1. Identify all lysines with a Cα-Cα distance to K47 below 29 Å; exclude those on the same chain that are fewer than 8 residues away in sequence.
2. Filter the chain for me: DSSP H helices, axial length by Cα at least 20 angstrom, mean Kyte-Doolittle hydropathy not below -0.5. List them by residue number.
3. Calculate, for the chain, the solvent-accessible area per residue in square angstrom, rolling a 1.4 angstrom probe over the heavy atoms of the protein chains.
4. Over region 20-60, with every protein chain in place, what whole percent of the accessible area is carbon and sulfur at 1.4 Å, could you tell me?
5. If you build the Cα gyration tensor of the chain and take the root of 5 times each eigenvalue, what three semi-axes come out, in whole angstrom, biggest first?
6. Taking loop as defined by DSSP and a crowding limit of 15 other beta carbons within 10 Å, which trypsin sites (Lys or Arg not before Pro) in the chain fit?
Amino acid sequence: MKKTMTAKQIADYEQLCMDHANGRILTSDGLRLVCESNNLDPEAIGKHVLEVYTKFRTECVYDIQ
């Protein structure tokens with residue numbers, strides 16, 4: 001049986017590719033970097049993530065839906 005993608009699936013995939021190309025996806029390597037740079041301290045990691053999120057939101061780095 002031949003499977004086909006819907007127009008929505010294609011659009012979602014293209015958005016995913018754009019996000020990946022523009023560094024808007026947290027990879028496992030990126031997560032490890034954040035965790036290790038904060039000495040695996042959950043509070044420090046959470047604080048770092050929230051600071052980055054706030055900065056991105058303030059600078060309109062991505063659309064908030």
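1. Partners found: K55.
2. Once both thresholds are applied, what remains is 42-58.
3. Dividing the accessible area of the chain by its residue count gives 94 Å².
4. The nonpolar share, carbon plus sulfur, comes to 57 percent.
5. 31, 16, 9
6. Hits after loop and neighbour filter: K2, K3, R24.
The values are calculated or read from the model by the stated rules, or taken from the named source; none is laboratory data. What you are looking at is a predicted structure, and each value in this text was computed from that prediction instead of being measured. Cβ sites come from the backbone with ideal geometry, for glycine too, and all protein chains shown count toward neighbours. Note: accessible area is taken over every heavy atom of the protein model, side chains too, but ligands, DNA and RNA are not part of it. Shrake-Rupley method; radii C 1.70, N 1.55, O 1.52, S 1.80 Å.
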